[in-house]
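None of the figures in this text is laboratory data; all of them are computed from the coordinates on show. Keep in mind the model is a prediction, meaning the values are calculated, not measured. Neighbour counts run over all protein chains shown; Cβ positions are idealised from the backbone, glycine included.
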Ligand code: COI
């Protein structure tokens, strides 16, 4: 299996090097993002590896003409893949799996930071305002926490939250016995109605698009803490902003938002950012915006490289693999 990897960051290199030219895998890589201008770098390879870049029709078709049969994304989510087009072209795909602790730990950090108004406290401390007014918090342990989605990450958040002693409600289309040891499955409206903290752990597919809209927010408790470490497309940003303006949402911690494309993982400190959603969200004292980095740990980075390479290899070796994208099979 010959793999050409694009957008390999410095911190990924050592893991790529570990696999390079061993384990039945030949791999070369560049740091540049894939584009129509550098498609031909993948000539002579069986597969390309990318990370959450949007690929155009021209790129899929161009790679196919060059002989590319497989595409891997070094991310768990593959909502940036054009699955119908890949199917039409006969390109198979894999995504990554990585330690669910990365996003689960980050989510719980955001819950705690939101409960204790941490951004405001840090900002005021930086101005030498050590007074108490405006900084009183909620105890996470006393909150009812609602987890939407009980896949690997949602389940891990639930298990870890159990240690805090919170009451935990869960909503998912498929229920897991393991989750029932720590949380009670309820319908989504009950979750909205009863939870002080709501956290999303579902994929960014068409079915989940704008699950959190005006209607859903209206059903939530007043002053709810809302956490999104899943996908921006699950939330209607305008509805979220209105919820913050009206005070319905007491705090939002967003590692992702629908209009983030083109911003994250770039250093834009000298640029004029044209992104109205982010501009508005960043004016709220009760909003934390992190740049889609909940995944970013040494463990997950190593897992992202390893699982995608092994997933690609499975196409030719016939090994079983849980990272092959089912919709393309
Ligand atoms: C994922 O793995 O799905 C993520 O959200 C992280 C990725 C965008 C780098």
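Okay, here's what the table says:
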{"read-out": "Rounded tilt (10° steps) of 152-162 against the dominant C-alpha axis of the chain", "value": "30"}
{"read-out": "Rounded tilt (10° steps) of 10-19 against the dominant C-alpha axis of the chain", "value": "50"}
{"read-out": "Residue-span extension gain [residue 272 to residue 40] - 0.36 nm each, minus C-alpha spacing", "value": "80.3 nm"}
{"read-out": "Mean separation of Cα contacts under 8 Å (6+ apart) over length of segment 1-148, as relative contact order %", "value": "17"}
{"read-out": "Mean separation of Cα contacts under 8 Å, 6 or more apart, over the residue count of the chain: relative contact order %", "value": "18"}
{"read-out": "Residues of segment 293-321 with amide N under 13 Å of a point placed 7 Å along Cα→Cβ from residue 263", "value": "293"}
{"read-out": "Distance between modelled label sites at residue 33 and residue 284, nm, 7 Å Cα→Cβ extension", "value": "2.7"}
{"read-out": "Share, in percent, of DSSP beta bridges within the chain that are antiparallel, nearest 5", "value": "5"}
{"read-out": "FRET efficiency, residue 53 to residue 186 (Cβ-Cβ, R0 41 Å, nearest 0.05)", "value": "0.60"}
{"read-out": "Segment 219-298: relative contact order as a whole-number percent, Cα under 8 Å and 6+ apart", "value": "34"}
{"read-out": "Degrees separating the helix 237-246 axis from the principal Cα axis of the chain, which is the longest one", "value": "10"}
{"read-out": "Theoretical FRET efficiency, 1/(1+(r/R0)^6), r = Cβ-Cβ of residue 80 and residue 2, R0 22 Å, to 0.05", "value": "0.40"}
{"read-out": "Label-point gap, in nm, between residue 105 and residue 194 - each point 7 angstrom along Cα→Cβ", "value": "3.1"}
{"read-out": "Three-way shape label, the chain, alpha-carbon gyration tensor, a/c 1.5", "value": "prolate"}
